[in-house]
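The values are calculated or read from the model by the stated rules, or taken from the named source; none is laboratory data. All of these numbers come straight from a predicted model, not from anything done at the bench. Cβ atoms come from the backbone with ideal geometry, glycine included; neighbour counts cover every protein chain shown. The protein model used for the area step is the full one, side chains on, heavy atoms only, and it has no ligands, DNA or RNA in it. Shrake-Rupley method; radii C 1.70, N 1.55, O 1.52, S 1.80 Å.
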Amino acid sequence: MRIIIDDLSHPKVAALLNEHLAGMYASSPAECVFALDLDALKAPEITFLTAWDGEALLACGAFKQLDALHAEIKSMRTASQHLRRGAARAILDEIERQARERGIARLSLETGTTPDFIPAHTLYRQRGFSECGPFADYRENEFSLFMTKELAV
């Protein structure tokens with residue numbers, strides 16, 4: 001598995017992000033979907049990563065620097081045909097590694113609360129994330145679960 005910082009130009013990346021957005025809108029009301037589209041992920045404060053096995057795109061994930069010490073995980077998604085191969089864990093590990101390298105002391109995330117999100121909750125808890133309140137511009141709502149993790153830098 002090869003993980004790269006991606007420029008979001010490959011058609012397979014666009015397809016995976018479309019799958020991600022469709023899944024978010026299928027699982028949560030539109031006003032509670034905070035997933036970013038392809039253009040929004042190109043913002044300079046966002047680092048977008050992809051995991052590949054040869055020509056197969058396995059997964060993606062990103063982190064958005066909120067300030068000098070805090071970043072938010074965004075757009076974590078494993079391609080449906082590549083589930084349970086460790087790609088999401090590998091992307092998350094690389095996000096943490098790169099965040100530490102940049103001196104980021106805390107990673108936070110917002111994810112859904114419906115049963116579709118249980119695998120994400122499990123992954124984040126296994127990797128040391130714990131529930132917290134809203135951060136950045138988020139507001140409490142019944143469809144969002146907020147999690148955070150302090151990083152040893």
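Cβ separations smaller than 6 Å between residues 6+ apart or across chains give no pair from the stretch 102-122 residues that are under 20 Å from Glu31 (Cβ atoms) to residues that are open to solvent by 30 Å² or more (accessible area, probe 1.4 Å) and in a strand (DSSP E or B).
Among (1) modelled with pLDDT of 95 or more; (2) hydrophobic (A, V, I, L, M, F, W, C); (3) loosely packed, with under 14 Cβ neighbours inside 10 Å, where does Ile118 come up short? Looking at each condition in turn, Ile118 falls short on (1). In summary, Ile104 fulfils each of the numbered conditions (1) of a type in the set (A, V, I, L, M, F, W, C); (2) part of a loop (DSSP other than H, G, I, E, B); (3) under 16 Å from Asp6 (Cβ atoms) with the single exception of condition (3). Kindly list the number of the only condition in (1) open to solvent by 30 Å² or more (accessible area, probe 1.4 Å); (2) within 22 Å of Asn18 (Cβ to Cβ); (3) of a type outside the set (A, V, I, L, M); (4) without any contact (Cβ under 8 Å) to a residue 24 or more places away in the chain that fails for Asp137. Condition (2) is where Asp137 drops out. Within the stretch 51-80, the residues that satisfy the criterion of being among the acidic types (Asp, Glu) and either under 19 Å from Ala152 (Cα atoms) or part of a strand (DSSP E or B) (or both) are Asp53, Asp67, Glu72.
Taking the conditions (1) under 21 Å from Phe135 (Cβ atoms); (2) open to solvent by less than 50 Å² (accessible area, probe 1.4 Å) in turn, Arg106 satisfies each one other than (2).
Only one of Glu72, Glu31 is surrounded by fewer than 14 Cβ atoms within 10 Å (Cβ to Cβ), closer than 18 Å to Tyr138 by Cα and not small (Gly, Ala, Ser); which? Sole residue among the options that is surrounded by fewer than 14 Cβ atoms within 10 Å (Cβ to Cβ), closer than 18 Å to Tyr138 by Cα and not small (Gly, Ala, Ser): Glu31. The residues of the stretch 107-126 that are assigned to a strand (DSSP E or B) and within 18 Å of His20 (Cβ to Cβ), listed by number, are Leu109, Glu110, Thr111, Gly112. Against the test of being polar (S, T, N, Q) and in contact (Cβ under 8 Å) with a residue 60 or more places away in the chain, the options Ser28, Ser75, Ser9 yield a single qualifying residue, Ser28. Screening the candidates Arg106, Arg127 for the property of being of a type in the set (Lys, Arg), in contact with a Ser or Thr (Cβ under 9 Å, 6 or more places away or on another chain) and at negative phi yields one hit, Arg106. Counting only residues that are on the phi > 0 side of the Ramachandran plot and either part of a helix (DSSP H, G or I) or in contact (Cβ under 8 Å) with a residue 60 or more places away in the chain (or both), the stretch 81-101 holds 1 of them. Just a yes or no: is a residue in the stretch 143-150 of a type in the set (Ser, Thr, Tyr) and farther than 22 Å from Leu21 by Cα? For the stretch 143-150, residues of a type in the set (Ser, Thr, Tyr) and farther than 22 Å from Leu21 by Cα: present.
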